[in-house]
Amino acid sequence: MCGIAGATRTLLGETPEEVLFQMNVAMIHRGPDMGDINYDDEIGLCHRRLSIIDLSQDGKQPMSILDGRFTIVFNGEIYNYLELRKGLQDLGYEFHSDTDTEVLLYLYAEYGSTSLLMIRGMFAYVIWDKKEKRLFGARDRIGKKPFFYYQRKNDFAFASELKSLLAIKSIPRKIDNTAFLDYLHYLFIPDPKTIYQNIYKLEPGHFFIFQNNHLAIQQYWDVDFSNQIQGSVGEISEALLAEMREATSCRLISDVPLGAFLSGGIDSSGIVALMAEALTEPVTTCSIGFFDKTIDEATDARQFAEVMQTNHHEHYVRDEPAQIIKKLVYHFGEPFADSSMVPTYYVSKLAKKNVTVALTGDGGDESFAGYQKYSADMFENRVRSMLPNSLLALGARVTNGSDVGLLKRANSLLRSTSLSPGKAFFLTNSFITNRQLDLILSEKMLNLSAEYDPSKHIVRLYDKANGPDHLSKILYTDLKMYLPGDILVKVDRMSMANSLEVRSPLLDHKLIEFAASIPSDLKLKDGEKKFILKNSLKKVLPKAIRSRKKRGFVVPLDHWFRHELKEMAEKEIFHNNFLNEFLNLKSVENIWGEHQSAKVENGTLLWTILMFSLWLKNERDR
């Protein structure tokens with residue numbers, strides 16, 4: 001796990017070495033082991049390294065081959081690099097290190113962009129072809145590794161994190177107000193947008209070429225739900241277990257200590273069980289707990305760790321949130337409000353004390369229908385298919401504005417079912433209502449909100465999905481937007497804040513492709529979520545784990561805003577004059593008061609506002 005960055009000399013100015021040094025310093029947490037820079041008359045590159053494979057100086061980057069024609073900066077791990085290396089050696093290539101980085105370089109020299117189809121791993125990398133004056137870069141298929149870029153005319157720059165990119169002072173930092181509206185709905189800013197105008201994220205499964213002052217971006221991979229496999233439940237379960245075993249075992253290659261995050265749920269427990277099968281020593285496991293027993297998973301994790309005889313570690317979150325939140329906001333670089341960032345930070349910090357690489361169960365929910373929202377959305381779609389749209393729309397209008405429990409729920413159902421499936425799935429994924437927006441937005445943002453449609457991100461993906469049914473389409477949508485935009489951003493930034501590499505077997509692209517081919521009625525079967533995944537793990541997990549109710553990384557926000565976070569949040573929200581441009585603080589005060597009096601639970605909305613306020617203050621005080 002590393003940090004990469006670079007820019008054209010037009011952006012680096014008269015002091016390229018100094019600017020590249022500052023870009024590297026901004027992401028030193030991503031690679032504390034070593035760092036270097038390289039530049040010529042056209043391009044400057046820099047790299048920070050967290051050494052995982054081949055810990056020697058031979059793995060130093062930027063790395064060049066063929067008399068300096070090709071130079072690479074690479075962030076990630078290639079799990080099949082030994083196999084690829086053997087094939088290149090058969091073609092006559094000679095290697096001077098044991099790194100996957102050198103394999104990537106020669107692979108590109110031999111096959112060009114088609115080499116991406118041969119790679120199995122997580123990655124973001126850039127290769128400079130000095131002879132052709134061509135800059136080539138790519139991001140892994142599902143978006144494990146981040147990639148930001150700026151392009152304007154003949155200027156181009158890229159980096160693993162926004163902080164590094166913005167170390168180039170000539171890059172403008174103008175806020176994209178539509179991205180702010182996206183953030184309020186989703187709690188993150190969907191690819192390819194960022195909070196800044198003219199700065200973008202390279203979307204997962206895409207590569208770019210910058211040559212002759214022209215940027216071309218192309219997709220090289222997508223999830224295909226159109227080819228559904230046939231077979232019995234037993235046959236498909238066996239095949240799925242084999243895929244998971246392979247995806248796990250290939251992620252155990254490491255020259256440094258390796259462990260796992262353990263929540264006690266089926267995904268992380270399954271990965272730990274498969275690790276235990278493959279390793280000769282006990283697995284090192286790490287868990288986070290809360291004293292609120294309604295959301296605490298540490299007890300479940302500890303019990304499973306005892307069964308598996310792991311080397312287990314745990315940490316309970318006490319009164320720390322107010323002490324670390326500003327640090328977390330810094331690491332995201334743009335507004336981000338998934339509150340599970342807090343336990344993710346702590347479990348990463350705990351893991352780093354014992355290992356340098358940790359495996360996780362991320363990806364199971366999106367591939368195998370693990371979230372409750374999928375069941376709810378499937379029910380809505382059945383209602384949508386049974387009743388005429390005109391009747392549903394009429395019912396939504398009649399019940400509109402109802403605050404009474406039953407009528408309020410009825411209105412929510414009727415409003416959603418009267419919309420297209422894609423639009424309705426946007427409502428499912430939105431964390432703020434139109435009524436709340438009308439209350440909290442400043443006049444300027446209200447006018448923009450009336451013209452802007454944040455649902456377009458989800459609708460575009462839903463309409464693009466080639467699955468045979470509604471569940472396939474919403475799973476595709478989450479795999480392409482929610483997973484890379486929220487889950488993987490959270491895990492990357494919080495693990496990298498602790499210089500920890502995280503690997504996710506369930507995000508292996510071959511496993512995702514196989515999961516996409518499994519019929520939907522084996523994922524969500526008679527109301528049971530992740531049916532086929534649970535069935536496939538029968539041989540390695542006890543029934544108590546397979547039947548355990550999903551909790552997720554839930555954070556006690558409502559409680560925090562009345563206790564641990566109250567003083568800090570009140571100060572940061574209501575004494576930040578920069579917020580007036582975006583929010584109606586009088587209305588926010590009312591929402592705050594309702595929450596403090598326990599009339600309404602506004603924890604998620606207040607957290608969203610607090611995270612934006614902290615980011616905005618950092619931005620304007622720079």
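The values are calculated or read from the model by the stated rules, or taken from the named source; none is laboratory data. Model, not experiment: these values are computed from the prediction. Please note: Cβ atoms are built from the backbone with ideal geometry, for glycine as well, and neighbour counts cover all protein chains shown. Ligands, DNA and RNA are stripped out before the accessible areas are found, and what is left, the full protein with its side chains, is counted by its heavy atoms. Shrake-Rupley method; radii C 1.70, N 1.55, O 1.52, S 1.80 Å.
Does residue 467 fit the bill of being open to solvent by less than 60 Å² (accessible area, probe 1.4 Å), under 25 Å from residue 487 (Cα atoms) and part of a loop (DSSP other than H, G, I, E, B)? Yes: the conditions hold for residue 467. In segment 218-231, the residues that are under 14 Å from residue 477 (Cβ atoms) form Cβ pairs under 7 Å with partners that are in a loop (DSSP other than H, G, I, E, B) and open to solvent by less than 50 Å² (accessible area, probe 1.4 Å), at six or more places apart or across chains, as follows: 222/205; 225/465; 225/467. Scanning segment 494-523 for residues that are open to solvent by 10 Å² or more (accessible area, probe 1.4 Å), among the charged types (D, E, K, R) and in contact (Cβ under 8 Å) with a residue 12 or more places away in the chain returns 510, 513.
Within segment 575-605, the set of residues being in a helix (DSSP H, G or I), of a type in the set (A, V, I, L, M) and more than 22 Å from the chain's Cα centre (by Cα) comprises 579, 585, 588, 591. Being in contact with a strand residue (DSSP E or B) (Cβ under 8 Å, 6 or more places away or on another chain) and either under 19 Å from residue 50 (Cα atoms) or among the small types (Gly, Ala, Ser) (or both) is true for just one of 75, 80. Which residue is that? Of 75, 80, the one residue that is in contact with a strand residue (DSSP E or B) (Cβ under 8 Å, 6 or more places away or on another chain) and either under 19 Å from residue 50 (Cα atoms) or among the small types (Gly, Ala, Ser) (or both) is 75. Can you say whether residue 270 is in contact with a Phe, Trp or Tyr (Cβ under 7 Å, 6 or more places away or on another chain), surrounded by 15 or more Cβ atoms within 10 Å (Cβ to Cβ), of a type outside the set (Asp, Glu) and not in a strand (DSSP E or B), as far as the supplied structure shows? It is false that residue 270 is in contact with a Phe, Trp or Tyr (Cβ under 7 Å, 6 or more places away or on another chain), surrounded by 15 or more Cβ atoms within 10 Å (Cβ to Cβ), of a type outside the set (Asp, Glu) and not in a strand (DSSP E or B). Can you find a residue that is basic (Lys, Arg) and at positive phi anywhere in segment 123-134? Yes: segment 123-134 contains one or more residues that are basic (Lys, Arg) and at positive phi.
In the set 53, 28, 4, only one residue is out of contact with any His (no Cβ under 8 Å at 6 or more places or on another chain) and at pLDDT 90 or above; that residue is 28. Please enumerate the residues belonging to segment 534-565 that are among the charged types (D, E, K, R) and open to solvent by 80 Å² or more (accessible area, probe 1.4 Å). Scanning segment 534-565 gives 538, 539, 543, 549, 550, 551.
Evaluated against (1) open to solvent by 10 Å² or more (accessible area, probe 1.4 Å); (2) among the polar types (S, T, N, Q); (3) not in a strand (DSSP E or B), residue 194 falls short on exactly one condition, (1).
The set of residues from segment 277-290 being within 18 Å of residue 356 (Cα to Cα), of a type outside the set (D, E, K, R) and free of Cβ contacts under 8 Å to residues at least 60 places away in the same chain comprises 279, 282, 283, 285.
Restricting attention to segment 273-303, the residues that are at pLDDT below 90, surrounded by 18 or more Cβ atoms within 10 Å (Cβ to Cβ) and assigned to a helix (DSSP H, G or I) total 3.
Per-residue answers, yes or no, for (1) part of a helix (DSSP H, G or I); (2) modelled with pLDDT under 95; (3) surrounded by fewer than 21 Cβ atoms within 10 Å (Cβ to Cβ); (4) basic (Lys, Arg):
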| position | (1), (2), (3), (4) |
| --- | --- |
| 406 | yes, yes, yes, no |
| 411 | yes, yes, yes, no |
| 415 | yes, yes, yes, yes |
| 423 | yes, yes, yes, yes |
| 435 | yes, yes, yes, yes |
| 458 | yes, no, no, no |
| 472 | yes, no, no, no |
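Counting the residues of segment 211-227 that are within 23 Å of residue 471 (Cβ to Cβ), open to solvent by 50 Å² or more (accessible area, probe 1.4 Å) and either touching a helix residue (DSSP H, G or I) at 6+ places or on another chain (Cβ under 7 Å) or not in a loop (DSSP other than H, G, I, E, B) (or both) gives 2. Out of 614, 605, 585, one residue alone is among the hydrophobic types (A, V, I, L, M, F, W, C) and without any contact (Cβ under 8 Å) to a residue 24 or more places away in the chain. It is 585. Scanning segment 496-513 for residues being modelled with pLDDT of 95 or more and assigned to a helix (DSSP H, G or I) gives a total of 8. Here 152, 85 are screened, and the one residue that is basic (Lys, Arg), buried (at least 17 other Cβ atoms within 10 Å of the Cβ), within 28 Å of residue 488 (Cβ to Cβ) and over 24 Å from the mean Cα position of the chain (by Cα) is 85.
Is it fair to say residue 184 is of a type in the set (A, V, I, L, M) and in a helix (DSSP H, G or I)? Judged against the criteria, residue 184 is a match. Residue pairs whose Cβ atoms lie under 6 Å apart, separated by 6 or more positions or on different chains, with the first residue in segment 452-467 and within 12 Å of residue 186 (Cα to Cα) and the second of a type in the set (A, V, I, L, M, F, W, C), are 454/181; 455/426; 458/425; 458/426.
Selection of segment 346-394 for residues being in a helix (DSSP H, G or I), open to solvent by less than 20 Å² (accessible area, probe 1.4 Å) and touching a helix residue (DSSP H, G or I) at 6+ places or on another chain (Cβ under 6 Å) yields 348, 364, 366, 367, 368, 377, 392.
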